[in-house]
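Take a look at the structure set out below.
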Amino acid sequence: MYSRAIVHIDLDAFFVSCERLLDSSLNGKPVLVGGTSGRGVVAACSYEARAYGIHSAMPMRMAQQLCPYAIVIKGNGGTYSKYSDAVTDIIKEHSPLYEKSSIDEFYIDVSGMDKFYGCYKWAKELRSTIIKETGLPISFGLSTNKTVAKVSTNEAKPNNHMEVAQGIEKPFLAPLSIKKIPMVGGQTYKMLQGMGIEHIHTVQEMPIELMERLLGKNGIAIWKKAQGIDDTPVVAYNARKSISSSITFERDTIDIRKLKDILSTMAEKLAFYLRNGKKLTSCVTVTVRYSDFDTRSRQVRVPYTSCDHTLIEKVMGLFDQLYNRRVLARLVGVRYSHLVEGAYQINLFEDTEEMINLYQAMDKIRNRFGQNSVRRVVTMDTRGVGMMSNPFNGLPPVIPAHRRA
């Protein structure tokens with residue numbers, strides 16, 4: 001009988017691990033990476049910090065109360081993107097079929113490799129290669145499907161590996177908490193817990209019809225995963241079709257100058273990413289969310305471009321059309337979509353050779369010294385706004401850039 005073999009790879013506490021490569025004094029200490037403002041959240045935390053009950057997505061203020069001695073680092077998306085790219089390149093070189101599900105997680109389909117080499121042996125050697133070439137700790141799980149592979153990775157952590165062979169998926173899952181199933185979030189877990197369901201073996205013994213009555217289609221999906229059933233394929237990476245950046249203000253604002261400066265910064269930096277990724281956009285979208293959570297968006301089609309002087313003008317025009325309520329704004333964002341491959345071509349009626357040479361020179365400086373090394377005057381007071389990882393490093397297209405301020 002044909003048996004699938006799926007490897008799930010997870011870079012342990014990825015952001016923290018990257019920071020420790022840059023500063024070894026962080027080793028062995030509780031470290032938090034994330035927003036440093038009053039409304040910031042924890043993006044990643046070291047295992048030392050997790051011992052205090054801290055977890056990702058927790059408000060930073062609460063995390064610091066739990067562990068007052070934790071070292072807080074704002075983080076650098078460009079650094080994490082660089083290391084993620086390095087790992088992706090290694091996996092791409094060695095793997096027959098891989099899926100990058102996030103900046104630090106991968107699925108690899110190695111079905112059939114047992115006939116020639118051995119899936120588990122191959123996965124261990126790949127892990128050793130990644131650790132040797134990047135210095136990053138990494139865990140992996142190997143099983144017959146994505147769900148069991150991911151759960152086994154989490155059980156193997158930190159910095160270890162595990163195989164769940166065909167036929168033992170169900171007994172492997174049985175004693176674990178129901179919240180170990182990937183799609184069981186906080187609210188679903190509380191609901192199941194309220195009905196006396198805390199471990200996977202309880203769901204395994206329930207009729208699928210009962211789970212459907214309790215949770216609808218999600219109930220069916222959870223029941224199947226609890227049985228160790230998951231036919232979801234490993235989907236090869238497809239280039240993203242849009243990039244975006246948004247900011248939620250620490251304090252809602254009505255300062256139009258500030259809003260325009262921030263949108264200009266986002267437009268400029270996103271255009272820089274387009275040029276770096278050899279992409280062009282033909283659709284610009286601006287979003288404004290008011291203090292009462294009323295959210296408005298407007299978009300416009302443009303000739304394919306990656307020049308920020310053109311895109312900033314469109315963003316400003318859309319904002320002027322959108323921001324007509326004159327009430328406090330909570331969030332603003334910019335999105336470029338309908339992306340295509342290609343380098344920007346000079347518009348003979350609008351651009352000059354000097355303009356194109358200027359862009360090339362500025363991008364060269366930014367790539368060498370950082371995004372903020374060259375900036376427009378109107379964006380000088382918005383340092384850090386619009387910072388995001390390289391959007392063309394293999395991330396799925398559904399992951400947006402989002403930053404708080």
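The values are calculated or read from the model by the stated rules, or taken from the named source; none is laboratory data. All of these numbers come straight from a predicted model, not from anything done at the bench. Reconstructed Cβ throughout: ideal geometry from the backbone, glycine too, with neighbour counts over all protein chains shown.
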Item to complete: Can you confirm whether region 24-31 contains a residue that is on the phi > 0 side of the Ramachandran plot and over 20 Å from the mean Cα position of the chain (by Cα)?
Response: yes
Worksheet, complete the sentence: Of the listed residues (Leu270, Leu259, Leu274, Leu263), the one being of a type outside the set (Phe, Trp, Tyr) and over 23 Å from the mean Cα position of the chain (by Cα) is Leu259
Practice prompt. Write out, first by first residue and then by second, each pair whose Cβ atoms fall under 7 Å of each other, whose residues are 6+ apart or on separate chains, and whose first residue, in region 4-20, is under 24 Å from Thr232 (Cβ atoms) while the second is assigned to a helix (DSSP H, G or I) and acidic (Asp, Glu).
Written response: Ala5/Asp114
Practice prompt. Among the residues of region 25-53, write down those that are part of a loop (DSSP other than H, G, I, E, B), under 24 Å from Ile247 (Cα atoms) and of a type outside the set (Gly, Ala, Ser).
Written response: Thr36, Arg39
Discussion item. Would you confirm whether or not region 138-145 contains a residue that is of a type in the set (Gly, Ala, Ser), under 27 Å from the mean Cα position of the chain (by Cα) and part of a helix (DSSP H, G or I)?
Written reply: no
Worksheet item: Can you find even one residue in region 41-64 that is more than 30 Å from Asp252 (Cα to Cα), touching a residue at least 60 places away in the same chain (Cβ under 8 Å) and basic (Lys, Arg)?
Response: no
Worksheet item: Under the condition of being among the aliphatic types (A, V, I, L, M) and not in a loop (DSSP other than H, G, I, E, B), which residue from region 125-137 is nearest to Asn27 (Cα to Cα)?
Response: Ile131
Practice prompt. Scan region 285-326 for residues that are assigned to a helix (DSSP H, G or I), aliphatic (A, V, I, L, M) and over 26 Å from the mean Cα position of the chain (by Cα) and jot them down.
Written response: Met316, Leu318, Leu322
Fill in: Residues that are surrounded by 18 or more Cβ atoms within 10 Å (Cβ to Cβ) and either modelled with pLDDT of 85 or more or not small (Gly, Ala, Ser) (or both), drawn from region 77-103
Tyr80, Tyr83, Ser84, Val87, Thr88, Ile91, Ser95, Tyr98, Glu99, Lys100, Ile103
Worksheet item: Restricting to region 199-236, what's the tally of residues that are within 15 Å of Tyr189 (Cα to Cα) and of a type in the set (Ser, Thr, Tyr)?
Response: 1
Worksheet item: Restricting attention to region 70-103, which residues are assigned to a helix (DSSP H, G or I) and farther than 18 Å from Tyr273 by Cβ?
Response: Ala86, Val87, Asp89, Ile90, Ile91, Lys92, Glu93, His94
Item to complete: Starting from region 68-94, take each residue that is closer than 25 Å to Ala123 by Cβ and list its partners that are among the hydrophobic types (A, V, I, L, M, F, W, C) and modelled with pLDDT under 85, counting only C-beta distances under 6 angstrom and pairs at least six apart or across chains.
Response: Ser84/Ile103
Worksheet item: Which of the residues belonging to region 308-349 are at pLDDT below 60 and surrounded by 12 or more Cβ atoms within 10 Å (Cβ to Cβ)?
Response: Tyr344, Gln345, Ile346, Asn347
Worksheet item: When residues of region 243-284 are filtered for being of a type in the set (Phe, Trp, Tyr) and part of a strand (DSSP E or B), how many remain?
Response: 1
Worksheet item: Applying the selection to region 266-297, what residues are touching a helix residue (DSSP H, G or I) at 6+ places or on another chain (Cβ under 7 Å), at pLDDT 90 or above and surrounded by 15 or more Cβ atoms within 10 Å (Cβ to Cβ)?
Response: Ala267, Val284, Val286, Val288
Practice prompt. Scan region 104-130 for residues that are within 21 Å of the chain's Cα centre (by Cα) and surrounded by fewer than 20 Cβ atoms within 10 Å (Cβ to Cβ) and report the count.
Written response: 1
